[in-house]
1. Quote the relative contact order of the chain in percent (integer), defining contacts as alpha-carbon pairs under 8 Å separated by 6+ residues.
2. Give me the number: length gained by fully extending GLU28 to GLU10, i.e. 0.36 nm times residue separation minus the C-alpha to C-alpha distance, one decimal in nm.
3. Suppose every Lys and Arg Cβ carries +1 and every Asp and Glu Cβ carries -1, with no other charges. What dipole size does the chain come out with about its Cα centre, to the nearest 20 debye?
4. Please report, in debye to the nearest 20, how large the charge dipole of the stretch 156-221 is about its Cα centre when each Lys and Arg carries +1 at its beta carbon and each Asp and Glu carries -1 there.
5. Give me the Å³ per residue figure for the convex hull around the C-alpha atoms of the stretch 78-195.
6. Classify the stretch 235-276 as rounded, prolate or oblate, taking a ≥ b ≥ c as the square roots of the eigenvalues of its Cα gyration tensor: rounded when a/c is under 1.5, otherwise prolate if a/b is larger than b/c and oblate if not.
7. Let me check the size of the stretch 30-141 from its C-alpha atoms; what are the radius of gyration and Dmax in Å?
8. Summing Lys, Arg as +1 and Asp, Glu as -1, what charge do residues with Cβ under 12 Å from the Cβ of TYR105 carry, TYR105 excluded?
Amino acid sequence: MRTVAPIVAERIMAELRRPIFWQGKPYEVTVSIGITYSPRHARAADVLRDADTALYRAKNKGRNRIEIFNAALGADVSERGRVEAELRSALNPTAVEAAALTLAYQPVYDLADNHLVGFEALARLHDRYGRTIAPDVFIPIAEETGLITTLGERVLDEALASLARWQHSHPDDPPATMAVNLSARQAQRADMPDLVRAALHKHHLDPTDLILELTESVLLESGASTLRQIAELHELGVNITIDDFGTGYASLRYLVDLPVSSVKVDRSFTATMIYDRTSATIVRTVANLAADLDLRCIIEGVETQEQLNALPNGVQAQGYLMGRPTAAPENTWPPEPCANS
Ligand code: C2E
Ligand code: CA
Ligand code: CA
C-alpha cells in the first residue's frame, strides 16, 4: 500500500494533465494531490483532515505535485488552529485583545570596510498573552490559509516605512537597503510588481533600496509567469536575492539564469564551515562564483569571530555576532572604532 499510493497518484496526474481542447484551443489542468496512510480503524474525518493537510502542503509548495502526510506536517492540528486564530486577530485592525505582528530588523554588513549596508526585516508574532510564536510556525500557516497576502503587505509597508525613517534620521550615513522575505504564494500574485511599486512610491524610496528574498526552492518551483514578474521587478531595479542557497537542488547554473542580483548562503554552511571542509568549500565556491558573475554574496548565520575570520573576501555578512534581529537596531558593530574613522 505504502508504495502503491504515489504510483496511483502519478497516474491520476498524468491522465488529468492531458490538455483539454475547447473551441479548438488546448487547456492544461494542473493537479495537486495529498496522500495519507491511516491505521485500519482511523476515523474517516481524521483521514480526510490529514489528506487535506498534505494537499495544502502540495499547493503551498507551488501546486502540481504530490505530498504525503507525515506527523510533522500534521503536528498538532489544534495548535495550528490556535496559531491561525492569533494570526487573524493580529491582522484584524478592529480585533480586541489581539495578538500583535511586529518586525525585527537584523543588520547586514559589508566586510570590505565593516560598513552597515542595510537590514533584513523579520516578522514576529506575539499572541494575546505576549508569548512569541516563531516564524517557522506561523509563516507556513499564513501561507496555507492565504493570510500571507495581508501579512506580506503589512511587512513590506512597515519595513519600507522604517527604512525611509532611518534614512531620514541618518542623512550622513543612511542604511542603504531593506530586505523583505517573499514566500511562494506572495511571489505568485499577479499584482506583485504593482504592489511593490506602490509601496516604494508611498515611502518615497527607490527600487534599489529594496531587496526581495526568495528561497532557492521558491525560485526553482516558480512557473514562467511568476519568473516573468520577478524579472520585471529586477529590471525595475529591485534587488532579488536567492535565500537559503545550497539547501535545495539549485545548480550553480541558476545563478546565471535567474533574474537575481545577490545570493545568500544558507546558515547551515556557516554553522559547520569551521570543522567541515565541504561546507567551507561550498561557502568559498559560491562567494567566488558570485564575484565573477557580479552578484553580491551574503553569508548568514555568522555567530562567532572564528567563522567571521574564515569568510572569503568580498562578501557581506549577517548574524548574531554582528547583531540580532531587534525592533530598534543599533549600529554598534564592530565594537572597536575602525582605525580610519
Ligand atoms: P530567513 O529568511 O532565512 O531568515 C533568517 C533567520 O535566521 C531568522 O530567523 C533569523 O533570526 C535567523 N538568524 C539570524 N542570524 C542568525 C545566527 O547568527 N544564528 C542563527 N542560528 N540564526 C540566525 P527567524 O526570524 O526565526 O525567521 C525564520 C524564517 O521565517 C526566515 O528565514 C524566513 O524564511 C521566514 N520569515 C520571517 N519573516 C518573514 C516574512 O515577513 N515573510 C515571509 N514570507 N517569511 C518570513
Ligand atoms: Ca531571508
Ligand atoms: Ca536564509
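Bear in mind these aren't lab numbers, they're just calculated from the coordinates by the rules spelled out. Being a predicted model, the structure only gives us computed values, none of them experimental. With ideal geometry, Cβ positions are generated from the backbone for all residues, glycine too; neighbour counts draw on all protein chains shown.
1. The value is 13 percent.
2. 4.9 nm
3. 1460 debye
4. On the way: 5 positive and 11 negative charges, 45 e Å.
Using Cβ point charges on Lys, Arg, Asp and Glu, the stretch 156-221 gives about 220 debye.
5. Hull volume over Cα atoms, normalised by residue count, gives 138 Å³.
6. It is prolate, given that a/c is not under 1.5 and a/b is the larger ratio.
7. Every Cα atom of the stretch 30-141 included, Rg and Dmax give 18.9, 65 Å.
8. Net charge in that neighbourhood comes out at 0.
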